[in-house]
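I have placed the structure first, in the form of structure tokens, so that the comments after it can refer back to it.
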Amino acid sequence: MFGCTMILDESQTAVAHRVIFKNEMVLMTLDTNLLVPMTEANQNFSRVTRLVDESGMAVILKNNRPRYMVVRFSEYDAIKAAREKLVGAAVDHVIGENLEALRELAR
């Protein structure tokens, strides 16, 4: 099960992006100054790159929802390692939940 919700804080300058995956919730807070609508990103990509240079990232919205995150290329290795760690954890979780069935199938 996967779902996501965006909630603005009282100052209207930060948004909590709530993601629920397999009944576990993860909160990610974004500065609303980093959000760029898709239309504006298409028309003024230099603004997106300026945001990345100044803040480390920009988030492009499609249909008012975060769709793309633009980061410095130098961040790629760290992001890739984090994704691999998450995938490994997910695999370990699935195997752990189904170990008995997997052992039965292996007979």
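Close Cβ contacts (under 6 Å, 6 or more residues apart or on different chains) running from residues in the stretch 30-47 that are under 12 Å from Arg67 (Cβ atoms) to residues that are among the β-branched types (Val, Ile, Thr) and in a helix (DSSP H, G or I) comprise Val36/Val48; Ala41/Val48.
Listed here are the residues, each with its yes/no results for (1) of a type outside the set (Ser, Thr, Tyr); (2) modelled with pLDDT of 85 or more; (3) closer than 29 Å to Glu97 by Cα; (4) outside any strand (DSSP E or B).
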site: Gly3; (1), (2), (3), (4): yes, no, yes, no
site: Met6; (1), (2), (3), (4): yes, no, no, no
site: Glu10; (1), (2), (3), (4): yes, no, no, yes
site: Val26; (1), (2), (3), (4): yes, no, yes, no
site: Ile60; (1), (2), (3), (4): yes, yes, no, no
site: Ile79; (1), (2), (3), (4): yes, no, yes, yes
site: Arg83; (1), (2), (3), (4): yes, no, yes, yes
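For the stretch 38-62, which positions are under 21 Å from Ser74 (Cα atoms) and within 17 Å of the chain's Cα centre (by Cα)? Residues satisfying the conditions are Val52, Ser55, Gly56, Met57, Ala58, Val59, Ile60.
Scanning the stretch 33-44 for residues that are loosely packed, with under 14 Cβ neighbours inside 10 Å and assigned to a helix (DSSP H, G or I) yields Asn33, Thr39, Asn42, Gln43. Residues that are part of a helix (DSSP H, G or I) and either in contact with a Gly (Cβ under 9 Å, 6 or more places away or on another chain) or surrounded by 10 or more Cβ atoms within 10 Å (Cβ to Cβ) (or both) within the stretch 62-77 comprise Glu75, Tyr76, listed in sequence order.
The values are calculated or read from the model by the stated rules, or taken from the named source; none is laboratory data. What you see is a predicted model, and the numbers here were worked out from it, not measured in a lab. Please note: Cβ atoms are built from the backbone with ideal geometry, for glycine as well, and neighbour counts cover all protein chains shown.
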